[in-house]
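Just so you know, all these numbers are worked out from the coordinates, no wet-lab data involved. Since the structure is predicted, the reported quantities are computational estimates derived from the model, not experimental observations. Virtual Cβ from ideal backbone geometry, glycine too; neighbours counted across all protein chains shown.
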Amino acid sequence: MAHRSMVLAAAFLLIMGGCAAAPSDNLAAPESTFPTPRNSNPNEPPAVPAYVTIPVDDTSSDTGIVEWLRSNNVHMEKDPNGDERIFDSSICRRALVQYRRMLHLRMCVIAENIANINTTRDARGEKHPYRRRRVVARNNASVQVESDPSPFLKRYQPAHPDADADGYVLYPNVDRSVEDASSLEASVEYRTVTRILQRFDPTMVLN
């Protein structure tokens, strides 16, 4: 009985230590859980978990991760709570690295959109507003940067040098609130993917 208590206490300290390793992370969504398998020999370091569990519900921002991994044929299973167990494998690690790079690209594109929110002319000085860009992940696991075809915004500013004959100025089709929400979602997913990779193989986080 004492041996079992020691094992449970060691497992608890290991889990608490892992959570305390990243005090600067303040996620809006609940943190993923990383179950650690028991080790029959207390003198050996605990084994790397065979899977991680992430919550999937209507309020979770991790559904994109699940869909991406599923499109890459990564082994996943539902746990009794309806959440997703993501099992470690070389295929899983490659897919996570690809998704992490996609999220980084997405955040860069969002930053570009915000920086050009008031750009009413193109690089040649023509009256062509900046058109919003977006990162699209396809079902075949490919990633593309596309232009948003939605219409430009029109504002009545007759004194503006780019105003038309009716006094209207065309502005980029960029909504700051939409970009901010997308940026928050991408950053939360980025941290989740990073934590999963750190559990499976910390060296892949450096890539």
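Quick rundown of the values:
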{"quantity": "Nonlocal amide H pairs with residue 148, under 5 Å, H built at 1.01 Å", "calculated": "132, 133, 134"}
{"quantity": "Whole-Hz couplings from phi, Karplus 6.51/-1.76/1.60, listed for segment 75-87; x for Gly and Pro", "calculated": "6, 9, 9, 7, 8, x, 8, x, 7, 9, 9, 9, 8"}
{"quantity": "Ascending count of other beta-carbon atoms within 10 Å, so fewest first, for 190, 130, 99", "calculated": "190, 130, 99"}
{"quantity": "Residues 146, 126, 179 arranged by fewest to most Cβ contacts within 10 Å", "calculated": "126, 146, 179"}
{"quantity": "Order of 193, 135, 205 under a 10 Å beta carbon neighbour criterion, fewest first", "calculated": "205, 135, 193"}
